[in-house]
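J.: The structure that follows is given in the form of structure tokens.
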Amino acid sequence: MKKILCIIGTRPEAIKMAPVILALRAEPWVNVVVLATAQHRSMLDQVNRFFGVTPDIDLDIMRPNQALTTLTARLLLELDDVLLREKPDAVLVQGDTTTVMSVALTSFYHRIPIGHIEAGLRTWDMLNPFPEEANRVITGKLAKWHFSPTEGSRQNLLKEKILDADITVTGNTVIDALLITASKELKLTIPLEPAKRLILVTAHRRENFGEPLHNICRALKTLAEDNPEVQFLYPVHPNPNVKEMVHRFLGGVPNFILCDPLDYAPFIAAMKRAYIILTDSGGVQEEAPALGKPVLVLRDETERPEAIEQGVVKLVGPHYERIVHETQNLLDNALAYKKMARGISPYGDGQAAGRIVDVLRAHFLR
Ligand code: UD1
Ligand code: UDP
């Protein structure tokens, strides 16, 4: 038996790793050990509950308003102990969080091969997104298997002199998770008025803290006031830098519902119910096109250009004028809306986890 350690830290990692954990568990040759660093606590736990994943090891790392350096330092020390104890044959990580980068570094020190899921996303700008671009570049340098979601992400890795033989284009496991979830009955418990159009908002990026998030909030307030017949729903990320400002600016706006983060399945239900989605999230940029929902991205750059090239996602940045103008245009102009609401899935076909397992099986059973 081989031992593979699947490591998850935050909400999106738990969502995108779940299909891989479920697929690996069906393989007779591997003992799957799930390690939660719990860089996120409540947001991680709700996803694991939904997919029936119980971590075998839980580092319970999260602290309120954690700083990057202390988070990284604590992760490195705790992970060092785990790897010494568990001695896995491989580790799997997903994405570009501090958990991912810390696992990659620690595993490299222990000479344990690393499989990187969602490999090769790049903006080529170290400060956008911050610190994720650095996290994925470092992880890419150290990984043995690169599971790229798209041909474009494969090309990015080739530019960095990663060997072609080490890259597999798999699609993004976010679409596997979406299809597993969309096949179930989805309930959104937030009371919405059925006749009203819904604008769904999420924002949490560190580079948007302060002035950019302030601009986003001002734009949202203007849009809500100008369009009283439209409902806005914003499940607010629990990061105190986000929560405090969002509640200060948007709390009390009558057609604006602020709520805690939604559990994954209700959030998919909210996306399905939405007319337009405004977000700076990576995962939402991948899911929404597959659900046929136009997305305006509250960032100046994205590592996910495929949906933009297809015309179903547009960058508006954290800029007051552009957010107001582009959102209003989608509300008023049926043709512009129709062009963006086409229902395409540039990020996967729902079979990514199977392709990842194929590569690992071929390696370990060769
Ligand atoms: C992290 C990732 C980011 C990813 C995002 C997904 C890093 C540096 N950032 O950002 O790449 O896109 O997750 O959401 O890896 N908190 C809670 N409960 C939770 C989760 C977070 O209260 O369940 C609060 C805590 O005060 C915590 C803070 O949010 O300290 C920040 O969490 P952290 O993981 O450092 O950063 P995120 O902004 O969530
Ligand atoms: N999501 C969720 N509840 C919410 C908001 C988002 O379950 O209230 C899901 C969403 O479907 C997507 C993932 O969380 O799969 C995205 O996570 P996030 O935006 O926190 O991180 P990012 O993708 O930007 O790293």
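J.: For the chain, with a Gaussian network of springs between Cα atoms less than 10 Å apart, report the residue from PRO318, PRO254, PRO194 with the top mean-square fluctuation.
T.: PRO194
J.: With +1 assigned to the C-beta of every Lys and Arg and -1 to the C-beta of every Asp and Glu, and no other charges, what is the dipole magnitude of the chain about the Cα centre in debye, to the nearest 20?
T.: Working: 42 positive and 44 negative charges, 88 e Å.
Charge dipole, the chain, about its Cα centre: 420 debye, nearest 20.
J.: Another one. In nm, to one decimal, how far is the LYS243 label point from the GLN328 one, both placed 7 Å along Cα→Cβ?
T.: 3.4
J.: Taking the alpha-carbon distance from LYS338 and a cut-off under 21 Å, which lysines remain once sequence neighbours fewer than 8 residues away in the same chain are dropped?
T.: The reachable lysines, counting only those whose Cα sits under 21 Å from LYS338, are LYS196, LYS272, LYS293, LYS314.
J.: Students often check this: by mean Cβ neighbours within 10 Å, which of 46-57, 100-111 ranks highest, and how do the rest follow? Don't skip to the answer; put the middle values down first.
T.: Details: 46-57: 16.9, 100-111: 21.2.
The densest-packed peptide leads the list: 100-111, 46-57.
J.: Hey, another quick one. Assuming a viscosity of 1.002 mPa s and a temperature of 20 °C, what translational diffusion coefficient in µm² per second does Stokes-Einstein assign to the range 268-366, Rh being the Kirkwood radius over Cα pairs? Could the numbers behind the result be given before it?
T.: On the way: Rh = 14.7 Å.
Estimated via Stokes-Einstein, D reaches 146 µm²/s.
J.: Let me ask something else about it. Could you sort LYS221, LYS161, LYS187, LYS3 by accessible area so the largest value comes first, with the probe set to 1.4 Å? Provide the component values of the computation, followed by the final result.
T.: Working: LYS221 70, LYS161 170, LYS187 135, LYS3 45 Å².
Putting LYS221, LYS161, LYS187, LYS3 in descending order of accessible area: LYS161, LYS187, LYS221, LYS3.
J.: Restricting to Cα pairs below 8 Å that are 6+ residues apart, what does the relative contact order work out to for the chain? Please round to a whole percent. Intermediate results must be reported in sequence, preceding the final value.
T.: On the way: 711 pairs, mean separation 57.3, N = 366.
Value for the chain: 16 percent.
J.: Compute and list, largest first, the equivalent-ellipsoid semi-axes of the range 20-60 from the alpha carbon gyration tensor, each √(5λ) rounded to a whole angstrom.
T.: Here the semi-axes work out to 21, 12, 6 Å.
J.: I would also like to ask the following. Compute the long axis of helix 42-51 from its Cα atoms, compare it with the longest principal axis of the Cα atoms of the chain, and write down the angle in degrees, 0 to 90, nearest 10.
T.: It works out to around 70 degrees.
J.: Starting from the Cα gyration tensor of the range 88-191, take the square roots of the eigenvalues, sort them a ≥ b ≥ c, and report rounded, prolate or oblate (rounded when a/c is under 1.5, otherwise prolate if a/b is larger than b/c, else oblate). Write out the running numbers ahead of the final one.
T.: Numbers: a/c = 1.69, a/b = 1.63, b/c = 1.04.
In terms of gyration-tensor shape, prolate.
J.: Full extension from ARG41 to ASP349: what is 0.36 nm times the residue separation minus their Cα-Cα distance, to one decimal in nm? Mind showing how you got there, number by number?
T.: Numbers: separation 308, 0.36 × 308 = 110.88 nm, distance 2.97 nm.
Gain on stretching ARG41 to ASP349: 107.9 nm.
J.: Ok, one more. Averaging over all projection directions, find the projected area of the Cα convex hull of the range 1-135 and quote it in nm² with one decimal place.
T.: If you wrap the Cα atoms of the range 1-135 in a convex hull and average its projections, you get 8.0 nm².
J.: Something else now. The range 168-269: D in µm²/s via Stokes-Einstein (Kirkwood Rh, Cα pairs, 25 °C, 0.890 mPa s)? Intermediate results must be reported in sequence, preceding the final value.
T.: Details: Rh = 15.2 Å.
D = 161 µm²/s.
J.: In what sequence, largest accessible area first, do ASP349, ASP125, ASP260 appear using a 1.4 Å probe? Don't skip to the answer; put the middle values down first.
T.: Numbers: ASP349 80, ASP125 45, ASP260 105 Å².
If we order ASP349, ASP125, ASP260 from most to least accessible, we get ASP260, ASP349, ASP125.
J.: Show me, for the range 22-34, the HN-Hα J-couplings you get by feeding each phi into the Karplus relation (A = 6.51, B = -1.76, C = 1.60, θ = phi - 60°), rounded to Hz, glycine and proline as x.
T.: Those phi angles translate into 5, 5, 5, 4, 7, 9, x, 8, 10, 9, 8, 10, 9 Hz.
J.: So, one more: Can you give the angle from 0 to 90° between the axis of helix 240-250 and the longest principal axis of the chain, with both taken from C-alpha atoms, to the nearest 10?
T.: 10
J.: Using the Cβ atoms and a cut-off under 13 Å, what net charge is assigned to the surroundings of ARG85, where Lys and Arg are +1 and Asp and Glu are -1? It would help to have the intermediate numbers written out before the result.
T.: Details: positive: LYS3, LYS87; negative: ASP56, GLU78, ASP80, ASP81, GLU86.
With Lys, Arg at +1 and Asp, Glu at -1, the neighbours total -3.
J.: Continuing with this model, one more query. Give the accessible area for LYS2 in Å² (nearest 10); use a 1.4 Å probe, count only protein heavy atoms, and leave out ligands, DNA and RNA.
T.: 70
J.: Magnitude of the Cβ-charge dipole of the range 213-366, K/R +1 and D/E -1, about the Cα centre, nearest 20 debye?
T.: Dipole magnitude for the range 213-366 comes out near 300 debye.
J.: Please give the Cα centre distance for the range 248-315 versus the range 82-143, rounded to the nearest Å.
T.: Cα centroid to Cα centroid, the span is 26 Å.
J.: Could I ask something else about it? In nm², what is the average projected area of the convex hull enclosing the Cα atoms of the chain?
T.: Values: hull surface 67.7 nm².
The number I arrive at for the chain is 16.9 nm².
J.: Right, something else. By a straight-distance test (C-alpha under 23 Å), which lysines pair with LYS87 as possible cross-link partners, with residues fewer than eight away in the same chain excluded?
T.: LYS2, LYS3, LYS141, LYS144
J.: Something else now. Output the 0 to 90 degree angle, nearest 10, between the alpha-carbon long axis of helix 264-273 and the longest principal axis computed from the alpha carbons of the chain.
T.: 40
J.: Quick one: which residues, 5+ away or cross-chain, put their amide H under 5 Å from the amide H of HIS319? H built at 1.01 Å from N.
T.: Hits under the 5 Å cutoff: none.
J.: Have a look at ASN333, LEU360, HIS247 and report the one farthest towards the positive end of the charge dipole of the range 243-366, computed about the Cα centre with Cβ charges (Lys/Arg +1, Asp/Glu -1).
T.: Farthest towards the positive end: LEU360.
J.: Okay, moving on. Could you order peptides 225-231, 286-292 by the average number of other Cβ atoms within 10 Å of their residues, highest first?
T.: So the peptides 225-231, 286-292, ranked by packing, come out 286-292, 225-231.
The values are calculated or read from the model by the stated rules, or taken from the named source; none is laboratory data. On a predicted model such as this, the values are computed, not experimentally measured, just so you know. As a convention, Cβ positions derive from the backbone with ideal geometry for all residues, glycine included, and neighbour counts pool all protein chains shown. Side chains included, ligands, DNA and RNA excluded: accessible areas come from the protein's heavy atoms. Shrake-Rupley method; radii C 1.70, N 1.55, O 1.52, S 1.80 Å.
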